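Working notes for the structure below.
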Amino acid sequence: MKRITVISIGIFAVIGIIWGARFYFKNLRGAWPAVLPPSPGLQPSSPSGRGGGEGELPLKLPDGFSIEIFAKDLPGARVMAMGSGGMYVSQTSEGKIAHIGFDVDGNATRPVLAFSSLQKPHGIVVDPADKYHYYIAEEHRIFEFYDAPPGITGPEFNKIVDLPSGGGHFTRTLGFGPDGRLYVSIGSSCNVCNEKDKRRAKIFSMNPDGSDFKGVARGLRNAVFFTWNPVDGSMWATEMGRDLLGDDLPPDEINIIPPPSSRVQRLPPDTVFDYGWPICYGKNVHDSNFDPAPEQARRGAGKNVCEDKEPSYIDLPAHSAPLGLAFIPAASGEPRPDGREEGWPEDYWYDLLVAYHGSWNRSEPTGYKVARVKLDAQGNYEGTEDFITGWLQPDGTALGRPVDILVQPGGMIYVSDDKAGVIYRVRRNVLE
């Protein structure tokens, strides 16, 4: 009897090892580069135009741009918000918010701790109506605070709304729309499931005081970042597709949520657009792995169960994990204090920069870069090309993972990196 028990245990152990190895190969191979310590190659702070030289960052950019480390000692750096007194940075994994000032030469002062002991803080935004008024999103709430010089007073530290917490996706990102309302994205609690809490996998808007909290988009598994197209006021959001369908499915996405003013007459202004998750992805492709029969049976054979969903606008490589995105402004014609124009080449006007955080469950790692999504003045898609590369090394290790992108006038960009714990500054090199 004892021998039979030992043999049975051995058989189950072998089966477990085989299953675990198969699961790892299909779903987890490629995860580990994302958690290796940052390379010493990311420590120099001198500008680098092409990368690779002594004292330079090993990052590659197009001709005419240079990159440097603007601020360091920021483990877990995620969202950046530029205010009147400098830059606030969320350190989500650390439970902290840091503040970075600027010296007389425009360089960063040493980061100082602004808030600590927070619950996965992520989104930070400045009230466009009051440059001293800030909002921060933790996993479970949004709060406001005031940061003003002596003699100027405003709201105290104050919670404005509660948010759902728990589950797999805990980042909450904030943004003020052209309509003056505050928006927040809330990811799903799972990889793929039917949510019990109807606030999950959605984007909401509210008044600045937290009132009139209502949905604007649903069926978004994990739309971690969003921004607005300055041309037409539409919201553009990155979206991470589900896992465990292999290396190349489903695509990650960029989605467009139309502004109320542009919606067709048959739809009311408060329409909540449905982008398909958990049963649809990409260009209205049915996820038959999760939903093999119920929806098809309900609609009838030959019917597209996703026909009433909103398709993705742009499909991105699966598992590239798109995060921060920012539009490049066209020249306003207004002179800057330094005498320069807007600072961006006309070829870049209206384009979108997107941070690919990088894969964790692909047999060959992908992402780990900033891409340039080429658009015309009407937002029509013209193609995608690399803008910053070099974080992913030939041996599969990752030196960093880009997160948020902050585009500034004058051809300047800030990029956060939650793996290397730094903020990069990219400049356009203008010939005098």
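Each value in this text was obtained by applying a stated rule to the coordinates, not by laboratory testing. No experiment lies behind these values; they were computed from the predicted model shown. Note that each Cβ is placed from the backbone with ideal geometry, even for glycine, and that neighbours are counted across all protein chains shown.
Name the residues whose placed amide hydrogens come within less than 5 Å of the amide hydrogen of S312, ignoring near sequence neighbours (fewer than 5 apart) on the same chain.
When sequence neighbours closer than 5 places are left aside, the close amide H contacts are G282, K283, N284.
Starting from the 7 Å offset along Cα-to-Cβ, what nm value, one decimal, do you get for the label separation of V104 and K283?
The answer from the label model is 5.8 nm.
Can you compute the FRET efficiency between A148 and T397 using 1/(1 + (r/R0)^6), with r the Cβ-Cβ distance and R0 = 45 Å? Round to the nearest 0.05.
The computed FRET efficiency comes out at 0.50.
Quickly work out the D63-to-D197 label distance, labels modelled 7 Å from Cα along the C-beta direction, and quote it in nm with one decimal.
A separation of 5.2 nm, rounded to one decimal place.
What is the distance in Å between the Cα centroid of region 379-404 and that of region 62-93?
Each part's Cα centre sits 17 Å from the other's.
Show the residues, 5+ positions off or on another chain, whose built amide H is closer than 5 Å to the amide H of D351.
Amide H neighbours of D351, under 5 Å, 5+ apart: I328, L375.
Could you give me the ³J(HN,Hα) list for region 171-178, computed from phi with Karplus coefficients 6.51, -1.76, 1.60 and θ = phi - 60°, whole Hz, x at Gly and Pro?
Each residue of region 171-178 in turn: 6, 10, 9, 10, x, 8, x, x Hz.
Calculate, for E307 and D212, the FRET efficiency according to 1/(1 + (r/R0)^6) with r their C-beta to C-beta distance and R0 41 Å; round to the nearest 0.05.
Efficiency for this residue pair is about 0.85.
Which value in nm describes the separation of the simple spin-label points at V231 and K159, placed 7 Å from the Cα toward the beta carbon?
Label-label distance for V231 and K159, simple model: 4.3 nm.
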